[in-house]
Amino acid sequence: PQNAVGNNTTCVCIPPSDTVKPRAVVMSEPKAPTPAPGDTYKGWLFKWTNYIKGYQRRWFVLSNGLLSYYRTQAEMGHTCRGTINLATANIAVEDSCNFVISNGGTQTYHLKASSEVERQRWITALELAKAKAFRMQAESDDSGDDSTPPAAGQGAGSRNSEVQSTLRTLGSKVEDLSTCNDLIAKHGSALQRSLSELEGVRLGGETSEKIRQVTERATLFRITSNAMINACRDFLALAQAHSKRWQKALQAEREQRVRLEETLEQLAKQHNHLERAFRGATVLPPSQSNPAIDSKGPVPGKGDVSDEDEENEFFDACEDVQEFITVPADPKYHRSVFTLDEQSLASNPDSPQSQEVVPVRKRRSRIPDKPNYSLNLWSIMKNCIGKELSKIPMPVNFNEPLSMLQRLSEDLEYYELLDRGAKCQSSLEQMCYVAAFTVSSYSTTVHRTGKPFNPLLGETFELDRVQESGYRSLCEQVSHHPPAAAHHAISERGWTLRQEIALASKFRGKYLSIMPLGSIHCIFEKSNNHYTWKKVTTTVHNIIVGKLWIDQSGEIDVVNHRTGDRCHLKFAPYSYFSRDVARKVTGVVTDKDGKAHYVLSGTWDEKMECSRVMQSSRGGENGADGRQKTVYQTLKAKELWRKTPLPEGAENMYYFSTLALTLNEPEEGVAPTDSRRRPDQRLMEQGRWEEANAEKQRLEEKQRITRREREREANRAANPAEEGKEPADGGKSMWFEQQVDPMTGEPTHIYRGGYWEAKEQGNWDSCPDIF
């Protein structure tokens, strides 16, 4: 019979009589023995909305254990108004046409069918779908617990998969029959009780005769139903018996496959042993029994002993537009493919760790807790009356007690990565450490929603860590409009880092995008490798309403200008709907010919790992842009970097790291322009925010006066006749000079020298008075 509401649903009905209304039981259409996504039931129902509109007509679709509804059929392709999972839902009948579906939480649908028959069809379909959804959920949980990684022998695996698919389909159909049997028994008993009650009612002769006929037919229906139930039970027992037999046969085939794989593995190991013994006896001298990784990476069949070790295990990492899947390192198989590690650093006689230990200064580990001041909007607005927009003072409530120069110096938090890179013999290994250092500079930003103080023009910040860490760095604010800071760091362990960063920002309503402009340079003295890269975009979300949170997104190309090696890093933007790990970073290290040697993966707020590529090939699947994925066969992953945990109580100290807590610590002998001497920043750190706001306004006004005086002097010197025209804000830098970068061709400020000599002599006479 034709379903009154469904359009693609077959119904099995009880044969109708003169007095018995047909009750439809929704059954799936017969299909081939392959896994089906589930049966579909569609139709119109009335859904309760509210006390004003009452019941409204909606189009409902039951599919794959989910009940969804739409305003019209046309909305099915794009707009779903609501969905409820039947696996955990309760279905209750209220009266002849009304029923309720609830998941026990916030979702409750009060529905009404056009007739009692229609309601019964929906109830039956929903009960079937609920039983199937619950069964599928249980099977999914079981398969997740028993899952194993794919092994060799793809033909056998395909056959096993086909058998398993057939078993699942058969089991699903058998469960459908069992559910229908239960429903028939339930409805038949209810019908029998109703008819028995009618027999007790005193009615006329003709009516009594009709009731007797209906009772007889109901009895026949009950007998037939019982016979069908018994037949179904016999079929179910037979199917279960065959299922166990098939399971045993499948298990025996699996065990045989495992034995074959173990035999093949033993043969492969013996082959490797023989090949290595032959090479060691005829090709390699004893001094090369454990060669380092050369700058060109692995070359198959060229005597790279470390790549043929019997404990090496290979994994497939898939790429889809620079997105990869890496397998976590297993300590059982871990074997480093790097030529340098912490032990080699400690045993190196030139390493500072092996030299005489010099007592170092004990740095502070706490600052005063952040006060819990509420932000008074009126205190901001009253300072805006009658002032230009660019001159409106922002209170320190939005700040953290560090300047932008100090935040820039925090890039050196994980300087050890560059120390390790300086010891590498291979430029490709070195690239991995430089890339990890690039990612690590963002780890301090994950909870840091406070805005750093804008440095004054000529403000400086030194970070002298020669005794503790072997490096010293200097930052200076070289431009105010647009704001730009130059940074130069040099290490006794063989590397130099320099950068000039200008910030461009765009406010987009809900969030603020901050785009750092400028290049970062890292030069290693021993190899003369010169690396450059740029920073990604930082986004501050929930600017207007909600809790602030920060994300990093974009792509970075780290380039070695001497060798042509390149590392392409991708910072995936956070997505609420993505199943991938948050703050994910992936990358590939390639040589000048584009051959991949290492795959990098991790997160910018936790860790980065590196896997050596042994072989790459084009996969069969296509990526999001239609291109084929690249499949990388890699060794076990090695951890390059892991974030150091924040100090205890960091949530009350602006989420500062151990290094950040020491940046504003007072030090003797620093320049008078150093950020540590900035009074408003110092007052804020001490919790005296009202005084800090007043001091901040004083410094900003002083800077404006100095700027106007500088502009007038520049106009007079340039052209006395054009006095009054304002040039761009600038000024001669104390410690940096502007040049054209030979690598990038960009104008940049490069350290001219003299700062540390002036500090040793205590001669700061040439420093401007900015505070």
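The values are calculated or read from the model by the stated rules, or taken from the named source; none is laboratory data. Source: prediction; values computed, not measured. We place every Cβ from the backbone using ideal geometry, glycine too, and count neighbours over all the protein chains shown. Just so you know, the surface numbers come from the protein's heavy atoms only, side chains and all, with ligands and any DNA or RNA stripped out. Shrake-Rupley method; radii C 1.70, N 1.55, O 1.52, S 1.80 Å.
Points worth noting:
- Using θ = phi - 60° in the Karplus curve 6.51 cos²θ - 1.76 cosθ + 1.60, the 3J(HN,Hα) couplings for region 264-277 round to 4, 5, 5, 5, 5, 5, 5, 4, 4, 4, 5, 5, 5, 5 Hz; x is entered for Gly and Pro.
- Protection proxy ranking, peptides 676-684, 431-439, average beta carbon neighbours within 10 Å, highest first: 431-439, 676-684
- Heavy-atom accessible area ranking, 1.4 Å probe, most first, across Phe577, Phe235: Phe577, Phe235
- Accessible surface ranking that places the most exposed of Ile367, Ile91, Ile543 first, with a 1.4 angstrom probe: Ile543, Ile91, Ile367
- Accessible area in the full protein assembly, largest first, 1.4 Å probe, for Ser189, Ser409: Ser189, Ser409
- Mean separation of Cα contacts under 8 Å, 6 or more apart, over the residue count of region 40-138: relative contact order %: 24 percent
- Stretchable slack from Gln107 to Glu713, in nm (0.36 nm times residue separation minus alpha-carbon distance): 211.0 nm
- Per-peptide average of other Cβ atoms within 10 Å, ordering 610-617, 549-556, 265-272, 472-479 highest first: 472-479, 610-617, 549-556, 265-272
- Potential extension, Thr744-Asp182 segment - 0.36 nm per residue separation minus Cα distance: 194.6 nm
- Label-point gap, in nm, between Cys232 and Arg704 - each point 7 angstrom along Cα→Cβ: 8.4 nm
- Scoring 655-663, 751-759, 597-605, 514-522 by mean Cβ neighbours within 10 Å over their residues and listing the highest first yields 597-605, 655-663, 514-522, 751-759.
- According to the calculation over all Cα-Cα pairs in region 40-138, the P(r) per 10 Å bin from zero is 16, 51, 30, 3, 0 %.
- Take the Kirkwood radius over Cα pairs of region 568-685, plug it into Stokes-Einstein at 25 °C and 0.890 mPa s, and you get 133 µm²/s for translational diffusion.
- Under 5 Å, built H, 5+ apart or other chain: amide partners of Trp549: His541
- Under 5 Å between amide hydrogens, built in the peptide plane, is the criterion, and for Tyr55 it picks out Thr49 among residues at least 5 positions away or on other chains.
- Overall form of region 425-578 per C-alpha gyration tensor (a/c, 1.5; a/b vs b/c): oblate
- Taking amide H as placed 1.01 Å from N in the peptide plane, Lys638 has its amide H under 5 Å from the amide H of Cys610, Ser611, each at least 5 places away in sequence or on another chain.
- Förster-model FRET efficiency, 45 Å R0, Glu75 and Lys248, C-beta, rounded to 0.05: 0.35
- Convex hull per residue volume in Å³, alpha carbons only, for region 396-450: 67 Å³
- Accessible surface for Leu220 stands near 110 Å², nearest 10, in the context of the full protein assembly shown (1.4 Å probe).
- For the residue pairs Lys534/Lys732; Lys534/Lys702; Lys547/Lys607; Lys510/Lys547; Lys370/Lys702, alpha carbon separations beyond 23 Å are given by Lys534/Lys732; Lys534/Lys702; Lys547/Lys607; Lys370/Lys702.
- Cα gyration tensor, region 185-278 - rounded (a/c under 1.5), prolate or oblate: prolate
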